[in-house]
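Working notes, structure below.
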Amino acid sequence: MAKHGDNKQVAASARKARLRNLRLMRAFAFVVILCTAFVAGFAVRSNDALLESLGFAALLESGDSTAGTAASKDKNTYNALSARVAEVEDALANDSLDSYDLDAATMSVLDAFADTTEDAYLRYYDPARYSSLMHDSSGSYAGVGVLFSEYNGLAYVVDVFDGSVAQAAGVRQGDFVVAIDGDRGQEWSMNEVTASLDRAEGDTVVVTWRRPATLEAEGGEEFTTTLACSKYDVKNVTTSLEGTVGYVKVRQLTQTSADLVKQALADLGSQGALSFVLDIRDNPGGYLTQAVDMASLFVKSGSIVQIETKDGKSVKSATGNVATDKPLVVLVNENTAAAAEVLAAALQENQRATLVGASTLGKGSVQVVRDLSFGGALRYTAAYYLTPQGRTINDVGVTPDVSVGLGGEAGSDNQRSLALETAQSLARE
């Protein structure tokens, strides 16, 4: 009996051992299957076609957990245009069977980018256009007899020289440039127009113009002229003595303008001028340094202009090189722009001059041109001019103390007449 009982105990122990081993084998098999499924899951999830055939189309739409995490991160990562374009470019490079022209794509993307900003002066110049823009000039005016300014990034006529081919062809103040030699592929800025028209004497150029009702108006009649380029020797600073009033006209703020005006004040003073009229109507501006130097001929000390950039505000002050303390009247109009507006505002707010005429253009911004590493350049607004008291000039302009239109009969100049009368009356006080 004892032996039989021992046999039963051994058999029971054997059965328990077999069951234990079976459970271990099942557990091991489950772990193996789970690991295999986990690894296979990655392989399957990366195969969109297989997922769709297995009925998991919803995963294709919603994405996996890692994509969801990336999407959350992308809210910050893809807040840059460059990152978004790079993602599209990578997708096309990896999967697209099509190709594209890199230079043409760059031009189109940057043009579209510029159109979405509020900077009317933002331009991308491809290498060829930038090269033509930066070519060396002879230093004297070569062109068609027109002085250009710029409104919202577009070149327009502020002065037509007497006896020029442009005058003979009927070009007028306020006409905008639409195309040069048939090129309508861009919006022509002042710098681009003057560079394109600076050609060898005798060369012809075909210019298409647009004549709007006002500078702000869109549309207008278009007309085309074929003009022979020539060199024009036009004095930038002209003077006259009107009774006891010295009259000084400045067309542009070039590198020598302040010195020329200083000499003019001395000459007119020696001739008996007791007061002065500084005429900067139709002056498109130019060098800010010249505006500061010219204002300093009349202002002893203090702020001339504030310049606002992303880094804050800076101030340009009078240089101390005063040329006269005699009464001054400044003539301005709707074509007085940029650095010329800085000059007018400085003289007005320093209570050094009486402004006569019409409100100025309101082009109180500064554009810079930055070379790009992949070729060409970018032009964009980098600063704004503010008056000495911190008032905005851009899109506002400078309001004269005495407002008067050109008016009167043909050939008359009410603004100039009133300015001379005002200067004469100030000399008597």
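The values are calculated or read from the model by the stated rules, or taken from the named source; none is laboratory data. Since this is a predicted model, take the numbers as computed values, not measurements. Backbone-built Cβ (ideal geometry, glycine too); neighbour counts: all protein chains shown. Keep in mind that these areas ignore ligands, DNA and RNA; they rest on the heavy atoms of the full protein, side chains included. Shrake-Rupley method; radii C 1.70, N 1.55, O 1.52, S 1.80 Å.
For ALA120, the conditions (1) modelled with pLDDT of 90 or more; (2) hydrophobic (A, V, I, L, M, F, W, C); (3) in a helix (DSSP H, G or I) are fulfilled apart from (3).
Consider the stretch 208-229 and keep the residues that are in contact with a helix residue (DSSP H, G or I) (Cβ under 7 Å, 6 or more places away or on another chain) and buried (at least 17 other Cβ atoms within 10 Å of the Cβ). The one that is modelled with the lowest pLDDT is CYS229. The residues of the stretch 270-296 that are assigned to a loop (DSSP other than H, G, I, E, B) and either open to solvent by less than 10 Å² (accessible area, probe 1.4 Å) or not assigned by the TED database to the domain that holds VAL332 (or both), listed by number, are ALA273, ILE280, ASN283, GLY285.
Each residue in the stretch 393-429 was checked for being free of Cβ contacts under 8 Å to residues at least 60 places away in the same chain, part of a helix (DSSP H, G or I) and open to solvent by less than 90 Å² (accessible area, probe 1.4 Å), and 3 of them qualify. Within the stretch 166-201, being aliphatic (A, V, I, L, M), open to solvent by 50 Å² or more (accessible area, probe 1.4 Å) and at pLDDT 95 or above holds for one residue alone: ALA168. Flag not set for SER365, criterion: among the hydroxyl-bearing types (Ser, Thr, Tyr) and open to solvent by 40 Å² or more (accessible area, probe 1.4 Å). Close contacts from the stretch 86-113, counting a first residue that is within 19 Å of TYR130 (Cα to Cα) and surrounded by 12 or more Cβ atoms within 10 Å (Cβ to Cβ) and a second that is aromatic (Phe, Trp, Tyr) and at pLDDT 90 or above, with Cβ to Cβ under 8 Å and a gap of 6+ residues or different chains, come to THR106/TYR124; THR106/PHE374; MET107/TYR124; LEU110/TYR124; ASP111/TYR124. Within the stretch 301-322, does at least one residue satisfy the condition of being at negative phi, part of a strand (DSSP E or B), open to solvent by less than 20 Å² (accessible area, probe 1.4 Å) and at pLDDT 95 or above? Yes: the stretch 301-322 contains one or more residues that are at negative phi, part of a strand (DSSP E or B), open to solvent by less than 20 Å² (accessible area, probe 1.4 Å) and at pLDDT 95 or above.
Within the stretch 323-359, being open to solvent by 10 Å² or more (accessible area, probe 1.4 Å) and either assigned to a helix (DSSP H, G or I) or among the hydroxyl-bearing types (Ser, Thr, Tyr) (or both) holds for THR324, GLN348, GLU349, THR354, SER359. Looking only at the stretch 369-392, residues that are out of contact with any Ser or Thr (no Cβ under 8 Å at 6 or more places or on another chain) and part of a strand (DSSP E or B) come to 7 in all.
Report yes if TYR124 is open to solvent by less than 30 Å² (accessible area, probe 1.4 Å) and within 22 Å of PHE374 (Cβ to Cβ), otherwise no. Yes; evaluated as a whole, the condition is true for this residue. With respect to the conditions (1) within 20 Å of THR204 (Cα to Cα); (2) in contact with a Phe, Trp or Tyr (Cβ under 8 Å, 6 or more places away or on another chain); (3) among the acidic types (Asp, Glu), GLU150 falls short on a single one, namely (1). On the given criteria, is THR254 surrounded by fewer than 17 Cβ atoms within 10 Å (Cβ to Cβ) and not assigned by the TED database to the domain that holds LEU197? Answer is yes for this residue.
Taking the stretch 405-429 as the range and being at pLDDT 95 or above, among the aliphatic types (A, V, I, L, M) and within 20 Å of ASN283 (Cβ to Cβ) as the test, the residues that pass are LEU418, ALA419, LEU420, ALA423. The sole residue among LEU372, LEU386, LEU343 that is under 27 Å from the mean Cα position of the chain (by Cα) and over 21 Å from VAL315 (Cβ atoms) is LEU372.
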